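The values are calculated or read from the model by the stated rules, or taken from the named source; none is laboratory data. Please read these numbers as outputs of a predicted model, since none were measured by experiment. No Cβ is skipped: glycine too gets one built from the backbone with ideal geometry, and neighbour counts run over all protein chains shown. Just so you know, the surface numbers come from the protein's heavy atoms only, side chains and all, with ligands and any DNA or RNA stripped out. Shrake-Rupley method; radii C 1.70, N 1.55, O 1.52, S 1.80 Å.
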Amino acid sequence: MADGIASVLAQNATSMPLLTHLEELRKRIMLSVVGVVVGFFSCWSFADRIFALMQRPIIQALRHHGLGGGLVYLNPTEPFNLYVEVGLVAGLFVASPFVFYQLWLFTAPGLYRKEKRYVLPFLLSTVVLFLAGGFFGYRMVYPASLDFLIGYGQRFQPMITIGEYTKLFLTIVIGLGLIFEMPILVFFLALMRVITARWMWRNLRYSILAIFIVAAIVTPTTDILNMCLFAAPMVALYAISIGVAWLVNPGDGRKTRML
């Protein structure tokens, strides 16, 4: 694995000096930040509507267990800070195609000409997977987690602050959005000959064990159902990633430097 990464770094070093490489990285980061800022201001006026969608799962969970009320705040500045945070996260989702394009432009100089043709599939799949992960978290994982947590403490009167609720919401939604990028990560690792489909298949059982360990750590509850809700898409994504690695380097298992 170290040899495979070293060969890619050596290839990048020959095509682009270190200082130029760092300057290019700074440029891409700055452009990405500008894109997120533009997305933030474009979503700022819709922050109230966006948060109305965000709080829908907790309202439904409270009603399901016969509890009234809603979210509260303890600090006068908390609602304003909340809308800033909501606008920023919404802007991140809106600007995600531009940000991922900057990532591609940064990595493209280290790729061969035939590998650069993947730019359009890369952008489409990256954005679609990121949004799909966030949507899956919003529609499936988060409501199930809230229903379990509210039901577990239904003998008490809940007083949930908007700050803590938003933190939990973003942890699950953005976390699953990033987890759904697994096939993209495997795509680049396969391009660099770091891993192959053969290696991933041989280590399938260890990977599934690692996935369930990660799911147990990141899930907000302690029950097996919610852990499986996290782990199931990760296992499916791992299977898809095996296919991605094979498509990048079909029958190239013997050439990888990890094996």
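Side notes on the structure shown:
- Qualifying residue in the range 152-160 (condition: outside any helix (DSSP H, G or I) and touching a helix residue (DSSP H, G or I) at 6+ places or on another chain (Cβ under 8 Å)): yes
- Every residue from the range 62-88 that is touching a helix residue (DSSP H, G or I) at 6+ places or on another chain (Cβ under 6 Å) and at pLDDT 85 or above: 71, 73, 78, 82, 83, 86, 87, 88
- Annotation note: Cβ proximity below 8 Å between a residue of the range 123-148 that is acidic (Asp, Glu) and a residue that is open to solvent by less than 40 Å² (accessible area, probe 1.4 Å) (sequence gap 6+ or interchain) occurs for 147/61.
- Of all residues in the range 35-62, those that are part of a helix (DSSP H, G or I) and open to solvent by less than 80 Å² (accessible area, probe 1.4 Å) total 17.
- Scanning the range 227-259 for residues that are at pLDDT 60 or above and over 25 Å from residue 135 (Cα atoms), we see that the one that is least open to solvent (accessible area, probe 1.4 Å) is 245.
- The range 206-223 - residue that is over 18 Å from the mean Cα position of the chain (by Cα) and open to solvent by 50 Å² or more (accessible area, probe 1.4 Å) and, of those, modelled with the lowest pLDDT: 222
For every residue, the table says whether it meets (1) surrounded by 17 or more Cβ atoms within 10 Å (Cβ to Cβ); (2) at pLDDT 85 or above; (3) not acidic (Asp, Glu).
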position: 162; (1), (2), (3): yes, yes, yes
position: 165; (1), (2), (3): yes, yes, yes
position: 192; (1), (2), (3): yes, no, yes
position: 199; (1), (2), (3): yes, yes, yes
position: 202; (1), (2), (3): no, yes, yes
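- Among the residues listed as 74, 88, the single one being open to solvent by 70 Å² or more (accessible area, probe 1.4 Å), outside any helix (DSSP H, G or I), touching a residue at least 40 places away in the same chain (Cβ under 8 Å) and out of contact with any Pro (no Cβ under 8 Å at 6 or more places or on another chain): 74
- Among residues of the range 104-117 that are within 18 Å of residue 28 (Cα to Cα) and at pLDDT 70 or above, those with a Cβ under 6 angstrom from a residue that is open to solvent by 50 Å² or more (accessible area, probe 1.4 Å) and assigned to a helix (DSSP H, G or I), sequence gap 6+ or separate chain, pair up as 108/116; 109/15.
- Residue check for residue 99: over 21 Å from residue 168 (Cα atoms), in contact (Cβ under 8 Å) with a residue 40 or more places away in the chain and in a helix (DSSP H, G or I): yes
- Within the range 169-182, considering residues that are open to solvent by 10 Å² or more (accessible area, probe 1.4 Å) and touching a Ser or Thr at 6+ places or on another chain (Cβ under 8 Å), the one nearest to residue 126 (Cα to Cα): 181
- Any hit, the range 159-170, residues being in contact (Cβ under 8 Å) with a residue 12 or more places away in the chain and farther than 25 Å from residue 65 by Cβ: no
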